[in-house]
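Here is the structure we will look at, set down as structure tokens.
The values are calculated or read from the model by the stated rules, or taken from the named source; none is laboratory data. These numbers were taken from a predicted model, which means no experiment stands behind them. Heavy atoms of the whole protein, side chains included, go into the accessibility calculation; ligands, DNA and RNA do not. Shrake-Rupley method; radii C 1.70, N 1.55, O 1.52, S 1.80 Å.
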Amino acid sequence: MIRALIVLLALALPAGAQDLPDWQHTSINDFARVLTQEDTQVLDQALIALHDSTGVQGTVVTLTDRAGYGGADGLEPFATRLFNHWGVGDAERNDGFMVLMLTGDREVRIELGAGYPASANRIAGRIIDDTILPDFRTGAMSRGLREGTLDVIQMIARPHAAGETPPEPRRGIGDFLIPAGVFAFFGFVIVQIGRGLIGNIMQARQPCPNCGGTGLIAESESRSDSLPGGAPTRRQVIWRRCARCGWTSPRETRSAPVSSPSRRRGGGGFGGGRSSGGGASGRW
């Protein structure tokens, strides 16, 4: 009788709630094995630094498909369900985020906590269109995840944590509707706007002060210390390196408790945050 009751209760649960995967690490869960070792390290360190300095939790998740995890109802509801099942972010601020990639379904989504404004959804859409999807379409999956997640940190998570209103994304050429009769008249203007936008995007990427190249890599090393009579702490030395010329920035030292929940390995966990479905999606 008891066994039959348990079966009935299990059947009464939504299929997605039964099938959702459990997280292994709070920052990266690369179940589909997409990320390279170097990009995993870069993202892990960036997400740790974000949590240490702002308290914001971000996580990157790769899966092969939705169907195997009860996601037949669509990408958006599946991402929201997974986000809330794990409880990404602080339970009061609801400022966590999840970058979710489904390799077999060829889908990607940036799921945002319920505490973000609507403008953050539009910025997430721009990150997907301008940063993530171009790399995905050329097969550079790991690079697209790395650069897209770093953009979410710099353009959405950190400004929001600082109390700043995220800026409205600039309009691209494809957003302008130009009547055929006046296309020639506005063509030159649009080209100039496009060049200006490209210049702004390139300037947003921090260039190497030595060679001028873009794509500086964040690196760090950590050490656990314990002073007599004091609480254990973790010292993290952070610097940036240019993959092109080898230039390195001055090293910055930060300290944090070893029990910080942002660590990928070991103790800690998510903070019980929730999402109301905010964010943006893309397919390639």
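Things to note:
- Most to least accessible of Cys211, Cys242 (protein chains only, probe 1.4 Å): Cys211, Cys242
- Region 56-163: C-alpha gyration tensor shape, a/c 1.5 cut-off, then a/b vs b/c: oblate
- The listed residues Trp86, Trp23 rank as Trp23, Trp86 when sorted by accessible area, largest first, using a 1.4 Å probe.
- For Arg158 and Gln41, the difference between the fully extended length at 0.36 nm per residue and the C-alpha to C-alpha distance is 40.1 nm.
- On a per residue basis, region 26-136 carries 33 Å² of accessible surface, using protein heavy atoms and a 1.4 Å probe.
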